[in-house]
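All remarks here apply to the structure that follows.
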Amino acid sequence: MTMQGVGMMDKEISNLIALETKRQNEGIELIASENYTSKDIRDACGSILTNKYAEGYPSKRYYGGCEYIDAVEQLAIDRLCKLFNAKYANVQPHSGSQANAAAYRALLPNGGKILSLVLNDGGHLTHGSPVSFSSHLYQFVHYPLNKDGKLDYDKILEIAKIEKPDVILAGYSAYPYAIDFSKFRKICDEVNCYLMVDMAHIAGLIAAGLHQNPVDYADIVTSTTHKTLRGPRGGIILTNSETLIKKINSAIFPYYQGGPLEHIIAGKAICFKEASSDMFKEYARQVIENTKACRDELYRLGAIVSDTNNHLFLLNTLDSYNLTGLEAQILLEKANITTNKNMIPNDILTPNKTSGLRIGFAAITTRGCNKNEAILIANLIHNILSNKLSIEDARKQVSMLTNNWKKIEEI
Ligand code: DSN
C-alpha cells in the first residue's frame, strides 16, 4: 500500500525503492550493524502516526490530541523496561548519537572528562572523535585494547586512577568478544565515577539472554534499535536512577530534540515485543553460531581473523590477501557481498583505507542463513579475495544462496 502510494505520486522515488529492494534481496549483507525489520515494524513506521506533533512526554505534551500517541509511547517504554529489566526508559532519541549526547549531558558538565576506548580499536564517533560534537563538548581520554585485541580491565583501572574521569564508557562498534560490565562497575566504584554503556551492537544478544545485561551495572545504558535488536532505525536510553531519567528526559526534549517520531516509536514498541519472543532467542543464538562458523572456516583456510563470541569478527585483509580493507570491500561488493572496511587493533593504515573488514551475521540470519551456508560464505569470501574465483562465478554462487532465503518483503 505504501509502495503504491509512493508510485502513483512519485515515480522517481518508487523506482529507487524498487532498486534498493532488489539490491537487498540479491545481496549477502554482512555489515555487522545492519538488519531487516518485520513487516509489522515497517507498517508502523510508514503509518499515519507521522502526522502528529507530540513534543513532551506521555500525559505531559505541548499539543492536544495526544491520547493515542501517549498510549503508543507508554507501551514502548513499558515493553523496553521489561525487556532489559530497567526501571526507566526514554524511547525518543532519533539515533544512537542523539542518545549518547543526552546521556553525556545527564551525567557530566560541559568540559567534564570521559574515559572511552581508543577509537581505532573499535570505538564510535560519539565516543570522542575529533569530527564529532562529543570531543568539542567533553574532554576524552582513552584506554587501549591489549595486543590480542581484548579489553584489559587492569589497564583500564590503572588509567582511570591516573585520569580520574567523570564517566567511563563501555560498548563498542567493532569488538568481537563479550564485555564484562561487572568488572567495569568495580573500576567505576573504585575511582568514584559513572559507568555508561553504549550497547548498540549487542542489544539483541542481551535481549535474548546471551550476553551480560549492562542495565544491572551501568548508571545509563544507550542503544540503537536497528542492529542486532532488529527494530526500526533509532535510539533508546535506559537507567535505574530516578534522578538520571529526569535529566535524560530534559536532555532529549527540549535540549537536543523537538517533536518525537511517534511512527518510529510505534515500530520500536513492536520491536521490543518481537525481541522478547522465543523465536528471537533462537534467532540470536543462530547469529552467534553462524558468525563463529564463518570465522572458523576463514581461519581454517589460512586467513588472519579475530576470534568471536558475538555477532561479528574482524578479518585482516592486508596480511591475509595483501588488500586494504577498502580494496577488499570493493571486490566483495562487485560480487554482491556487502561488508565495511574497518580498522583492526594497531592498524597501520588510515580509517579511509584500513587493514581489514568487519563481518557480521545479524542481517542474513534474519533471512534464514544457517551454519552450513555461513561456511560456504567464508569460502566465497576467501576465494574472491585470493583471486581464485571470478566475480561472475561468485555472483552466481551468491545468487544461489540468497534465492534460498526469505525475501526481505516477507520478513
Ligand atoms: N554506524 C554504526 C556501525 O556501523 O557500527 C555505528 O553507529
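The values are calculated or read from the model by the stated rules, or taken from the named source; none is laboratory data. Values in this document were obtained by computation on a predicted structure and should not be read as measured data. Cβ coordinates were reconstructed from backbone atoms using ideal geometry, including for glycine residues, and neighbour counts include every protein chain displayed. Surface areas here come from the heavy atoms of the whole protein model, side chains and all, with no ligands, DNA or RNA. Shrake-Rupley method; radii C 1.70, N 1.55, O 1.52, S 1.80 Å.
Would you check which residues across the range 72-130 are of a type in the set (S, T, N, Q), closer than 16 Å to Met199 by Cα and either surrounded by fewer than 17 Cβ atoms within 10 Å (Cβ to Cβ) or within 16 Å of the ligand (Cβ to nearest atom) (or both) and list them?
Correct list: Asn85, Ser95, Ser97, Gln98, Asn100, Ser116, Thr126.
Enumerate the pairs (first residue in the range 285-313 and of a type in the set (S, T, N, Q); second residue anywhere and in a loop (DSSP other than H, G, I, E, B) and surrounded by fewer than 20 Cβ atoms within 10 Å (Cβ to Cβ)) with beta-carbon separation below 7 Å, excluding pairs fewer than 6 apart on the same chain, so at least 6 apart or on different chains.
Going by the 7 Å Cβ cut-off, the qualifying pairs are Ser306/Gly149; Asn309/Tyr177; Asn309/Ala178; Asn310/Tyr177; Asn310/Ala178.
When you go through (1) within 14 Å of the ligand (Cβ to nearest atom); (2) surrounded by 24 or more Cβ atoms within 10 Å (Cβ to Cβ) one by one for Arg233, which number turns out not to apply?
(2)
Give the residue that is farthest from the ligand (Cβ to nearest atom), with candidates limited to residues of the range 131-153 that are part of a loop (DSSP other than H, G, I, E, B) and more than 19 Å from Asn316 (Cβ to Cβ).
Top of the filtered list is Asp152.
Give me the residue from the range 49-70 that is touching a residue at least 12 places away in the same chain (Cβ under 8 Å) and in a helix (DSSP H, G or I) and, out of that set, least open to solvent (accessible area, probe 1.4 Å).
Ile69
Determine which single condition Ser95 fails, assuming it passes every other condition in (1) in contact with a Ser or Thr (Cβ under 8 Å, 6 or more places away or on another chain); (2) polar (S, T, N, Q); (3) within 30 Å of Lys161 (Cβ to Cβ).
Here Ser95 meets the rest and fails (3).
How many residues does the range 369-389 contain that are free of Cβ contacts under 8 Å to residues at least 60 places away in the same chain and either out of contact with any helix residue (DSSP H, G or I) (no Cβ under 9 Å at 6 or more places or on another chain) or closer than 15 Å to Glu26 by Cα (or both)?
Of the residues in that region, 0 qualify.
Please work out which residue is most open to solvent (accessible area, probe 1.4 Å), limiting yourself to the range 26-48 and to residues that are among the small types (Gly, Ala, Ser) and within 16 Å of the ligand (Cβ to nearest atom).
Ser33
So, Thr366, is that one within 16 Å of the ligand (Cβ to nearest atom), closer than 18 Å to Gly27 by Cα, under 25 Å from the mean Cα position of the chain (by Cα) and not aromatic (Phe, Trp, Tyr) or not?
no
Anything in the range 175-190 that is surrounded by fewer than 19 Cβ atoms within 10 Å (Cβ to Cβ) and out of contact with any Phe, Trp or Tyr (no Cβ under 9 Å at 6 or more places or on another chain)? List them, or say none.
Those that are surrounded by fewer than 19 Cβ atoms within 10 Å (Cβ to Cβ) and out of contact with any Phe, Trp or Tyr (no Cβ under 9 Å at 6 or more places or on another chain): Tyr177, Ala178, Asp189, Glu190.
Among the residues of the range 98-130, count how many are within 18 Å of Thr350 (Cβ to Cβ) and in a helix (DSSP H, G or I).
Selection size over the range 98-130: 4.
I need the full set of residues from the range 293-352 which are away from the ligand (no atom under 16 Å from the Cβ), open to solvent by less than 50 Å² (accessible area, probe 1.4 Å) and small (Gly, Ala, Ser), in order please.
The answer is Ala293, Ala303, Ser320, Ala328, Ala335.
Which condition number in (1) part of a loop (DSSP other than H, G, I, E, B); (2) in contact with a Pro (Cβ under 6 Å, 6 or more places away or on another chain) is the one that Asn309 fails?
Failing condition for Asn309: (2).
Only residues in the range 189-207 that are farther than 20 Å from Gln98 by Cβ count as the first member; pair them with residues that are open to solvent by 10 Å² or more (accessible area, probe 1.4 Å) and within 12 Å of the ligand (Cβ to nearest atom), Cβ under 6 angstrom, at least 6 apart or cross-chain, and list the lot.
Sorted first by the residue in the range 189-207, then by its partner, the list stays empty.
Answer yes or no as to whether Ile220 is closer than 23 Å to Ala32 by Cβ and not acidic (Asp, Glu).
No: the conditions fail for Ile220.
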